[in-house]
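Here is the structure we will look at, set down as structure tokens.
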Amino acid sequence: MTCRDVLDRVEAVAAGDEPASAEFRAHLEGCIACAAALAEARRIEAMLAARPAPPAPARFTAAVTSHIRQVRWRSEQYVDRMFNIALLLGALTIAAGVLALSNINAVAAAFTGGLAILNRMSGEVVVRAAPMLGTYVGAAGLLATALFVWWWAERRLSL
């Protein structure tokens, strides 16, 4: 265990929130600085325990409860608005469907025209992108390599 690991846990051990592991105690036996940090943290905990806890302000509980209610109410209002918008969009979709069914020839013509435009555009994209296919493959390989190195480095740092 390193000094940094021990110093990260000193306050929790001094407060009794976390038990001192065998590694923690072994490090303290060999490191004077970390042992001093634990002693200082225990001294501060003892001083804090000796002092009486101050009472909460008179309106503290009421103010916190009021704030929680306001936040909850705002959250519920947001959910209600989103639900109403979803209902409106659903109703508009149903109305558009009914109108489309009443004029099926126009809908079929618009759909066919849209497919023709999409077909022409996709053909142009393929013709323009084909000469650069090697560049795209190389860029994708570089991106994959960079992501792999980043993942590997993060994994090594977390160990």
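Expressed as an acute angle from 0 to 90° and rounded to the nearest 10, what is the orientation of the C-alpha long axis of helix 3-15 relative to the principal long axis of the chain?
Taking Cα atoms only, the helix is inclined about 70 degrees.
What do you get for the angle between helix 60-102 and the principal long axis of the chain? Use alpha-carbon atoms, 0 to 90 degrees, nearest ten.
10 degrees
Report relative contact order for the chain in percent, whole number only (criteria: Cα-Cα under 8 Å, sequence separation at least 6).
RCO, the chain: 13 percent.
At a 1.4 Å probe radius, which order do ASP80, ASP8 fall into by accessible area, largest first? Working shown, then result.
On the way: ASP80 80, ASP8 115 Å².
In descending accessible area the options line up as ASP8, ASP80.
On a C-alpha basis, how far is the centre of segment 53-76 from the centre of segment 95-124 in Å? Whole number, if you could?
56 Å
In the chain, which cysteines lack any other cysteine Cβ under 4.7 Å from their own?
By the Cβ distance rule, which asks for a partner under 4.7 Å, the isolated cysteines are CYS3.
For the Cα atoms of the chain, what angle does the longest principal axis make with the long axis of helix 32-50, in degrees from 0 to 90, nearest 10?
The two axes meet at around 90 degrees.
Cα centroids of segment 132-155 and segment 16-33: how far apart, whole angstrom?
43 Å
Over the chain, with the other protein chains present, what is the accessible area per residue in square angstrom, probe 1.4 angstrom? Show your work: numbers first, answer last.
Details: 13410 Å² over 159 residues.
For the chain, the per-residue accessible area is 84 Å².
The values are calculated or read from the model by the stated rules, or taken from the named source; none is laboratory data. Computed from a predicted structure; not experimentally measured. No Cβ is skipped: glycine too gets one built from the backbone with ideal geometry, and neighbour counts run over all protein chains shown. Note: areas computed on protein heavy atoms with side chains; ligands, DNA, RNA excluded. Shrake-Rupley method; radii C 1.70, N 1.55, O 1.52, S 1.80 Å.
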